[in-house]
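The block underneath contains the structure these notes are about, expressed in structure tokens.
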Amino acid sequence: MDKITVSIVTPYGEIFSGDVDSITLPGVEGEFGVLYGHTNILSLLKAGVIEISNDLSNDLVAIDWGYAEVTPTRVDIIANGAIAIGGQNESSISDAISNARKLLEDASNDRVAISSVVARIEHAAKSRL
């Protein structure tokens, strides 16, 4: 399968860069997935989770809001704030989840949506341990 190049950048620096199999984004019109060869699109992103799938692993990045430019070979994301979820041990994952919760709470007043996103992050993070 061909890979798509993904770049996630915030005002504070790069969060993720690499070639991946697929990426799922929290668009304001709904969540959408991107594979290699996707049509061109520019989308506003809402507070939520970006899921990056590569071979047998999934990486998660919580964002408050941003923009995504999709071309057939690239996805470039500019986010106002982002927290990468992952790490080598349980305490670093726990810290990342706490930081992601704060980022999402600051971005949105929708407590139900925030709880849903945080539950998704926690479930994905626990499955890695």
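The values are calculated or read from the model by the stated rules, or taken from the named source; none is laboratory data. This structure is a prediction, so every number in the text was calculated from the model and none was measured. Quick reminder, even Gly has a Cβ in these numbers, built from the backbone with ideal geometry, and neighbours come from all protein chains shown. Just so you know, the surface numbers come from the protein's heavy atoms only, side chains and all, with ligands and any DNA or RNA stripped out. Shrake-Rupley method; radii C 1.70, N 1.55, O 1.52, S 1.80 Å.
A single member of 53, 17 is of a type outside the set (D, E, K, R), surrounded by 13 or more Cβ atoms within 10 Å (Cβ to Cβ) and at negative phi, and it is 53. Under 16 Å from the mean Cα position of the chain (by Cα), open to solvent by 20 Å² or more (accessible area, probe 1.4 Å) and modelled with pLDDT under 90: which single residue out of 46, 102 fits that description? Residue meeting the stated conditions: 102.
Reported count of residues in region 56-75, each being open to solvent by less than 40 Å² (accessible area, probe 1.4 Å) and either over 15 Å from residue 2 (Cβ atoms) or touching a strand residue (DSSP E or B) at 6+ places or on another chain (Cβ under 6 Å) (or both), is 9. The lone criterion from (1) more than 21 Å from residue 97 (Cα to Cα); (2) open to solvent by 70 Å² or more (accessible area, probe 1.4 Å) left unmet by residue 30 is number (2).
Matching residues to (1) out of contact with any Leu (no Cβ under 7 Å at 6 or more places or on another chain); (2) modelled with pLDDT of 85 or more; (3) not charged (D, E, K, R):
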| residue | (1), (2), (3) |
| --- | --- |
| 26 | no, yes, yes |
| 41 | yes, yes, yes |
| 74 | yes, yes, no |
| 81 | no, yes, yes |
| 95 | yes, no, no |
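Pairs are defined by a Cβ separation below 7 Å, a sequence spacing of at least 6 or placement on different chains, a first member in region 111-129 that is on the phi < 0 side of the Ramachandran plot, and a second member that is among the hydrophobic types (A, V, I, L, M, F, W, C) and modelled with pLDDT under 70; the pairs so defined are 125/93.
Where strands (runs of 3 or more DSSP E) fall entirely within region 9-74, those with at least 1 residues that are closer than 22 Å to residue 105 by Cβ and aliphatic (A, V, I, L, M) are at 13-20, 22-27, 41-45, 48-54, 57-63.
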